[in-house]
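Quick note: the coordinates plus some simple rules give every number you see, no bench work behind them. A quick note: this is a predicted structure, and the numbers were derived from the prediction, not measured. Please note: Cβ atoms are built from the backbone with ideal geometry, for glycine as well, and neighbour counts cover all protein chains shown.
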Amino acid sequence: MIRTGEVIKSENDSVLIKFSRPTACGKCGMCPKSQREFSLLLSGNYPIGELLDVKLTDGKIAAASVLSYVFPLSMLLAGLALGYVLFPNNELIIALCAFLMLAVSYLVLLLTEKKRRGSGKWRAEIVGIHEGELSDECTGAARD
C-alpha cells in the first residue's frame with residue numbers, strides 16, 4: 001500500500017510525515033475513525049512541505065494484522081480451552097482464564113514492541129516524491 005504524506009519536520013536525516021485520512025475512508029474502516037491525521041518518523045532528508053509517497057508492503061500489513069488480532073484471539077481461545085479442561089464446571093473461572101490469557105497476549109506484544117520497532121522489518125519506506133496534488137481519494141486499497 002502506498003500512501004502520500006506531507007513532510008512537517010525535517011532534521012538529522014529524518015523526516016516526520018503527516019498523513020490525512022481521506023473523507024471516503026470512513027466507509028471502508030481501514031483507517032482509524034478517531035484519527036483525522038497521523039504522523040510517521042522515517043529516514044531521509046526532504047524539505048518541509050514536500051509530498052512523499054510512502055510504501056508499506058501488503059506482507060507487512062498482513063503480518064502486523066496477525067500480530068494485532070489473530071495472536072490475542074488465539075490466546076483468548078487457548079485460555080477458554082485451558083479453563084474448560086482445568087475447571088469444567090465453573091464458567092466464571094473459565095472466563096477468567098480466557099481473559100487472563102488475553103491480558104498475557106497484550107503484555108507479550110507490549111514487551112516485544114520495542115524490539116520490533118528497532119528491527120526495521122516493520123518500517124515503512126519512502127519510495128519517491130509525489131507528483132501532483134494530494135487527492136482526497138481513499139487509499140486503503142493497495143496501489144503499487
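The table below gives the values:
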| read-out | value |
| --- | --- |
| Fully extended contour minus Cα-Cα distance, from I93 to Y106, at 0.36 nm per residue | 2.7 nm |
| Ordering of 94-101, 111-118 by burial proxy (mean other Cβ atoms within 10 Å per residue, highest first) | 94-101, 111-118 |
